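Here's the structure, in structure tokens; my notes come after.
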Amino acid sequence: MTTGAARGAPVVDIRGAVKRFADLTVLDHCSLTAQEGEILTLLGPSGCGKTTLLRCIAGFLTPDAGEILIDGQDTIPIPVNRRSVGVVFQSYALFPHLTVARNVAYGLRMRGMAASEIDKRVATALATVSLTGFEARYPSQLSGGQQQRVAIARVLVLEPRVLLLDEPFNALDAKLRGTMQMELRQLIKRLGITAIFVTHDQEEALTMSDRIAVMRAGKIEQLGTPEEIFDRPRSAYVADFVGASNFWDGFANGGRVVLPDGQTVTTSLSGEVRVMIRPHNLALRPAAGQSSSWTGLIRFRRHVGALMEYEIELDAEHSLRAVALRDGSVSSLASGDTVSLSLRDPAACIVFPRS
Ligand SMILES: Nc1ncnc2c1ncn2[C@@H]1O[C@H](COP(=O)(O)OP(=O)(O)OP(=O)(O)O)[C@@H](O)[C@H]1O
Ligand SMILES: [Mg+2]
């Protein structure tokens, strides 16, 4: 497992956590460490156990085996309300009948704090999420992004050691989601909190995280920085889940795989292999006139902002995806054209065993 750059002391240390629901094993000897001040993201498909792991860290669930340490202390005997863990859920569930200030004050009132101290803390928490002046409003009088910020302030006011966020932006539209990602990342960094963030959106994970843990069926498949996960996926599962990928089936011999354009990719594997080619690593040229060893037919093309994405049919069963900047060299390529394909950078391909 890649560990990425070590940052500081472990704050959350999950050791071999197992959680079963009846005969379904949802966490399967899951181990993971979140370091001081980092944003660690759990990324994985629906049902892989992300929420279950968060609920175990928060104390809403008890693992059947394994340990969860916070600052070196075993948390399992510690009740939920005595753990220094704040949770922001997907549905932020503000109290509709309470003002913003009352919503944020709620947890402190539960703790029996003096009113003057509560007022001070609420003011600070609202300033932190840029909502000073919104104290008297009700949730229904706020935008989705503002409601989300109240939900975050409500947790921050409790000054948790660890912040857990379970898909906190799901209710927001794409644009606001992008803004909130940047804002929340900056806020967490400014406060120096250790955060564990859950998403099944790979782009969100790449944007938000210091490190990403890719989960598969209750286990951590790979842990690394966004660059490591994207550029050096350890398995075809990770490669397929993080970023679009093409997979080309080939044969490795003498430490090399020869691709159809004649370029070679080096590997320590031998025999049947699967080569990962990112769509931006495929160069397209009109195939007109010249004979080329790797050609395909453009099935369709799609505008993606400044990029053009192509679906290229190689034969009845195989197609590839290519992406290019929408500049002069590719804008003439259209559906139905035959193109010749080549790798821009063979070293950026990753070779996996074919299983
Ligand atoms: N209380 C429960 N009782 C029985 N099964 C449960 C319970 N909670 C979760 N599960 C099952 O455990 C598995 C993992 O659930 P979990 O909520 O952790 O997934 P997730 O990775 O958060 O998925 P999503 O991305 O959809 O939120 C699922 O198959 C789910 O149905
Ligand atoms: Mg979930």
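Selection of segment 284-303 for residues being buried (at least 17 other Cβ atoms within 10 Å of the Cβ) and more than 14 Å from PRO260 (Cα to Cα) yields ALA287, ILE298, ARG301.
Scanning segment 219-240 for residues that are in contact with a helix residue (DSSP H, G or I) (Cβ under 8 Å, 6 or more places away or on another chain) and open to solvent by less than 50 Å² (accessible area, probe 1.4 Å) returns GLU221, GLN222, PRO226, ILE229, PRO233, VAL238.
Summed over segment 271-296, residues that are over 32 Å from the mean Cα position of the chain (by Cα) and not in a strand (DSSP E or B) total 8.
Do any strands (runs of 3 or more DSSP E) lying entirely in segment 21-117 carry at least 3 residues that are surrounded by 19 or more Cβ atoms within 10 Å (Cβ to Cβ), and which ones are they? Spell out how you get there, then give the answer.
Numbers: elements: 24-35, 39-43, 65-70, 85-88.
Strands (runs of 3 or more DSSP E) meeting the threshold: 24-35, 39-43, 85-88.
Applying a threshold of 8 Å to beta carbon distances and a minimum spacing of six or more residues, or different chains, the list of pairs starting in segment 137-166 at a residue that is assigned by TED's automatic domain parsing to the domain that holds ASN103 and ending at one that is basic (Lys, Arg) and buried (at least 17 other Cβ atoms within 10 Å of the Cβ) reads VAL157/ARG121; ASP166/LYS50. Where the second residue is open to solvent by 30 Å² or more (accessible area, probe 1.4 Å) and among the hydroxyl-bearing types (Ser, Thr, Tyr) and the first is assigned by TED's automatic domain parsing to the domain that holds ARG177 and lies in segment 78-104, which pairs have Cβ atoms under 8 Å and are six or more apart or on separate chains? Every condition considered, the pairs that remain are PHE95/TYR106; PRO96/TYR138; PRO96/SER140; HIS97/TYR138; LEU98/TYR106; LEU98/TYR138; THR99/TYR138; VAL100/TYR138. When segment 304-323 is filtered for residues that are open to solvent by 10 Å² or more (accessible area, probe 1.4 Å), in a strand (DSSP E or B) and not acidic (Asp, Glu), the ones remaining, listed by number, are VAL304, LEU307, SER319, ARG321, VAL323.
The test for being in the same structural domain as PHE89 (by TED's automatic domain parsing), touching a strand residue (DSSP E or B) at 6+ places or on another chain (Cβ under 7 Å) and surrounded by fewer than 20 Cβ atoms within 10 Å (Cβ to Cβ) does not hold for ARG190.
Given the options THR52, THR41, THR75, name the one that is within 23 Å of GLU203 (Cβ to Cβ) and either assigned by TED's automatic domain parsing to the domain that holds GLU227 or modelled with pLDDT of 95 or more (or both). Full working, then the answer.
Values: THR52 fails: within 23 Å of GLU203 (Cβ to Cβ); THR75 fails: within 23 Å of GLU203 (Cβ to Cβ).
Within the list THR52, THR41, THR75, the selection yields THR41.
The values are calculated or read from the model by the stated rules, or taken from the named source; none is laboratory data. Every value quoted in this text rests on a predicted model; they were computed, and no experiment measured them. Note that we place each Cβ from the backbone using ideal geometry, even for glycine, and neighbour counts take in every protein chain shown. Surface accessibility is based on the protein's heavy atoms, side chains included, excluding ligands, DNA and RNA. Shrake-Rupley method; radii C 1.70, N 1.55, O 1.52, S 1.80 Å.
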